Structure formats: C-alpha cells, structure tokens
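The structure appears right after this line, and notes come after that.
The values are calculated or read from the model by the stated rules, or taken from the named source; none is laboratory data. This structure is a prediction, so every number in the text was calculated from the model and none was measured. Cβ atoms come from the backbone with ideal geometry, glycine included; neighbour counts cover every protein chain shown. Heavy atoms of the whole protein, side chains included, go into the accessibility calculation; ligands, DNA and RNA do not. Shrake-Rupley method; radii C 1.70, N 1.55, O 1.52, S 1.80 Å.
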Amino acid sequence: FGLKCLKDADTLTKKITGDMLQQVIVRSPVDSGAFRGNHRVGIGKVDPTSSINDTENNALSKGIATISSGGGLGKIVYISNSLPYSLKLENGYSGQAPMGVYSLSFLSIVSKYK
C-alpha cells in the first residue's frame, strides 16, 4: 500500500508541475511568440538556455518530457524564462499580462489543487 501511495503521489506531482508549465505558457503575452516559446524546465537547477525560435508547443512538449523523466515527488523543478525582458513582463510591462505570468499561474494552480 505504501509503494502505491508513493507512486500515486509521484504521478500527481508530475501532473501538477505539467499544469503549472501549461498555465505559464498560456498566460504569456504574445508579440513575436518568443517569450511563450522560451519557457524552460530544469530539475534541481534552472535551465538557462534560450532561443527566440522555439514555439509554445515545443516549449510545452520539451518541458513535459523533462518533468516526466526527472521530476516528481521530492524533486525541485524550476520553470523559468531567461529572455532579457522576462522580468519586465512578470512585473506587468505588457498590457496582455498586466498582473504578470508566473505569479498568477502559481495562484491558479494552488487554487486548483487545494
């Protein structure tokens, strides 16, 4: 029974992390699409890479693959965006996301899984 509980908790943790990534991508403002496509997932550390040519679908599929292979119960998972203007967008610089992206996504996920 204990092993089943651990497996279920690991699966739920990966699901919640994937939902968070999806929220961040969907809430991201769009101009050229570079910000949406540049969200990265790192296990145990921030992934500092960036590319202005990635699409949101590519960012989501890469992120989900990273979460599936290395995330889960007890792991620290970082979702980040290393483009130079990311902090400005999080602080309300865009009219499309005046309340930011990451903070609202986090609040949404916390509310969903309360």
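Miscellaneous remarks
- Inter-label distance, nm, simple model (7 Å from Cα along the C-beta direction), residue 112/residue 87: 2.8
- Across all Cα pairs in segment 19-68, the calculated P(r) in 10 Å bins from zero up to the longest distance comes to 28, 60, 12, 0 percent per bin.
- Carbon and sulfur %, accessible surface of the chain computed with the full protein complex present, 1.4 Å: 60
- The mean sequence distance of close C-alpha pairs (under 8 Å, at least 6 residues apart), as a share of the length of the chain, puts its relative contact order at 30 percent.
- Derived scalar couplings between HN and Hα for segment 88-98 equal 4, 5, 5, 8, x, 5, 8, x, 6, 9, x Hz in order, rounded to whole Hz, by the Karplus curve 6.51 cos²θ - 1.76 cosθ + 1.60 (θ = phi - 60°), x for Gly and Pro.
- Pair-distance distribution of the chain: all C-alpha pairs, bin width 5 Å, starting at 0; shares per bin in whole percent are 2, 12, 21, 23, 19, 11, 5, 3, 2, 1.
- Solvent-accessible area per residue for the chain (1.4 angstrom probe, square angstrom): 61
- Given 4/45; 15/75; 75/114, the pairs whose alpha carbons are separated by over 23 Å: 4/45
- Contour minus Cα-Cα distance for residue 78 and residue 99 (0.36 nm per residue): 5.5 nm
- A simple charge model with +1 on the Cβ of Lys and Arg, -1 on the Cβ of Asp and Glu and nothing else charged puts the dipole of the chain at about 340 debye relative to its Cα centre.
- Label-to-label distance, nm, for residues given as residue 45 and residue 4 (7 Å Cα→Cβ offset): 3.9
- The phi-based Karplus calculation (6.51 cos²θ - 1.76 cosθ + 1.60; θ = phi - 60°) puts the 3J(HN,Hα) values of segment 73-81 at 4, x, 9, 8, 10, 9, 10, 9, 9 Hz, whole numbers, x for Gly and Pro.
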